[in-house]
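Peer 1: Got a structure for you, written out below as structure tokens; questions coming shortly.
The values are calculated or read from the model by the stated rules, or taken from the named source; none is laboratory data. Remember, predicted model here, so these are calculated numbers, not experimental data. Reconstructed Cβ throughout: ideal geometry from the backbone, glycine too, with neighbour counts over all protein chains shown. Each accessible area value is taken on the protein alone, full model and side chains, heavy atoms only, with ligands, DNA and RNA left out. Shrake-Rupley method; radii C 1.70, N 1.55, O 1.52, S 1.80 Å.
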Amino acid sequence: MARVGKQPFREWMKQRVFTPLGMKNTLFYDDDERIVKGRAYSFHKSNDLSAGFYKKSVLSYANAGATSLFTTVEDLAKWINNFKNPTVGNAATMKQMLERGRLTKGDTIPYAFALVHGKHKGLAYYGHSGADAGFRSNITYFPKEDYGFIVLNNQAEANPTGKALEIADVYLAAYQQKGKEAPAPPKPATPENKPATLVNADYVGRYYSPELEAIYTIRQKGNRLELVHVHHGEVPLKPVSKDQFSTDWWFASTIDAVRNSTNAVTGLRISNGRVRNLWLMRLPDDFDASKPPLAGK
């Protein structure tokens, strides 16, 4: 953008987007020594009790574009409104931004031009989430209902996407009921489609990522499962469907268990908004932590 616009990206965005939309408290932070009045710092939970319950998550670089946007809820509301009443760009621009990506075989994906399409309780929305250092954010806009929800947080363990949808449930309850689809009739219970019972013991164990050189553990606590990491702590595993779970950790938002021909769980595939199917191989019960695990496929 700096090369095409022949000026710093920060200035181009200010002149072409932020100022026309009235976003007076928004900027791209491309100088990590710059003092910004009223800025919020980010934090993460600490296992070091001598340092207090929280530590600061430092955002100390000057990359701008995919990150380093300083803004406010009020300014982002003006950005959302531009989709309905374009001031920057026009209707064709907004349509292009919402154009889904297309794979070589012709299928489309939820991701468009820096916006993600989705559905929540029968209602279509688009938006995006963000995460850097200890900052977490989410914008979710329901265009048909013309409701937008913005959550900005400066604690690494926060789940702004989940919070945005919780708030949406309050304001869009009437629309959700109106647009609710009748459930499909259940299929007869045959060996092929009989629902599988979730057995916690199937998943309990330790899992190793050759790419990250990191070990995660699934353990049972009461009647639920938890994912545990030596630095990140623990987080509940929420069953989504057979062999699939979700968590409140943004970097492990979806977890799929992988089984072999004997139906034993042999590993996990972790996905989030930036990574898909990160492989974690299951370690044997007698694994010696003093020796490096062998890489699995």
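Conditions tested, residue by residue: (1) within 19 Å of R16 (Cβ to Cβ); (2) hydrophobic (A, V, I, L, M, F, W, C); (3) in contact with a strand residue (DSSP E or B) (Cβ under 6 Å, 6 or more places away or on another chain).
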{"residue": "F70", "(1), (2), (3)": "yes, yes, yes"}
{"residue": "K84", "(1), (2), (3)": "no, no, no"}
{"residue": "R100", "(1), (2), (3)": "no, no, yes"}
{"residue": "D107", "(1), (2), (3)": "no, no, no"}
{"residue": "D132", "(1), (2), (3)": "no, no, no"}
{"residue": "N138", "(1), (2), (3)": "no, no, yes"}
{"residue": "P160", "(1), (2), (3)": "no, no, yes"}
{"residue": "A168", "(1), (2), (3)": "no, yes, yes"}
{"residue": "Q177", "(1), (2), (3)": "no, no, no"}
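Peer 1: Of all residues being at pLDDT below 90 and aromatic (F, W, Y) in the range 17-64, which is farthest from N85 (Cα to Cα)? Just the residue, please.
Peer 2: Here the residue is F53.
Peer 1: For a quick check of your reading of the model, give me the residue pairs whose first member lies in the range 141-166 and is over 12 Å from Y126 (Cα atoms) and of a type in the set (D, E), whose second is open to solvent by less than 30 Å² (accessible area, probe 1.4 Å) and modelled with pLDDT under 90, with beta-carbon atoms closer than 8 Å and at least 6 apart or on different chains.
Peer 2: E157/W249
Peer 1: Output the number of the condition that A131 fails; it satisfies all remaining conditions of (1) more than 18 Å from the chain's Cα centre (by Cα); (2) in contact (Cβ under 8 Å) with a residue 24 or more places away in the chain.
Peer 2: (1)
Peer 1: In the list T87, T108, T104, which residue meets the criterion of being in contact with a Gly (Cβ under 9 Å, 6 or more places away or on another chain) and either more than 29 Å from D248 (Cα to Cα) or among the aromatic types (F, W, Y) (or both)?
Peer 2: T87
Peer 1: Identify all residues within the range 254-297 that are surrounded by 16 or more Cβ atoms within 10 Å (Cβ to Cβ), outside any strand (DSSP E or B) and modelled with pLDDT of 85 or more; write none if there are none.
Peer 2: Answer for the range 254-297, where residues must be surrounded by 16 or more Cβ atoms within 10 Å (Cβ to Cβ), outside any strand (DSSP E or B) and modelled with pLDDT of 85 or more: just L283.
Peer 1: Considering the range 56-66 alone, what residues qualify as being touching a strand residue (DSSP E or B) at 6+ places or on another chain (Cβ under 7 Å), within 17 Å of G134 (Cβ to Cβ) and open to solvent by less than 80 Å² (accessible area, probe 1.4 Å)? Step through it out loud before you land on a result.
Peer 2: Narrowing the range 56-66 to residues touching a strand residue (DSSP E or B) at 6+ places or on another chain (Cβ under 7 Å): 56-57, 59, 64.
Next cut, within 17 Å of G134 (Cβ to Cβ) only: 56-57, 59.
S57, L59 - these are the residues of the range 56-66 that are touching a strand residue (DSSP E or B) at 6+ places or on another chain (Cβ under 7 Å), within 17 Å of G134 (Cβ to Cβ) and open to solvent by less than 80 Å² (accessible area, probe 1.4 Å).
Peer 1: Look at V17 and say whether it is under 30 Å from Y141 (Cβ atoms), surrounded by fewer than 14 Cβ atoms within 10 Å (Cβ to Cβ) and in contact (Cβ under 8 Å) with a residue 40 or more places away in the chain.
Peer 2: Details: under 30 Å from Y141 (Cβ atoms): yes; surrounded by fewer than 14 Cβ atoms within 10 Å (Cβ to Cβ): no; in contact (Cβ under 8 Å) with a residue 40 or more places away in the chain: yes.
Criteria not met by V17.
Peer 1: Any idea which of (1) among the basic types (K, R); (2) over 22 Å from the mean Cα position of the chain (by Cα); (3) modelled with pLDDT of 85 or more is the one K238 doesn't satisfy?
Peer 2: (2)
Peer 1: Just to verify a result, which residue in the range 213-237, among those that are open to solvent by less than 40 Å² (accessible area, probe 1.4 Å) and touching a Pro at 6+ places or on another chain (Cβ under 9 Å), is farthest from K45 (Cα to Cα)?
Peer 2: Once the filter is applied, the top-ranked residue is L225.
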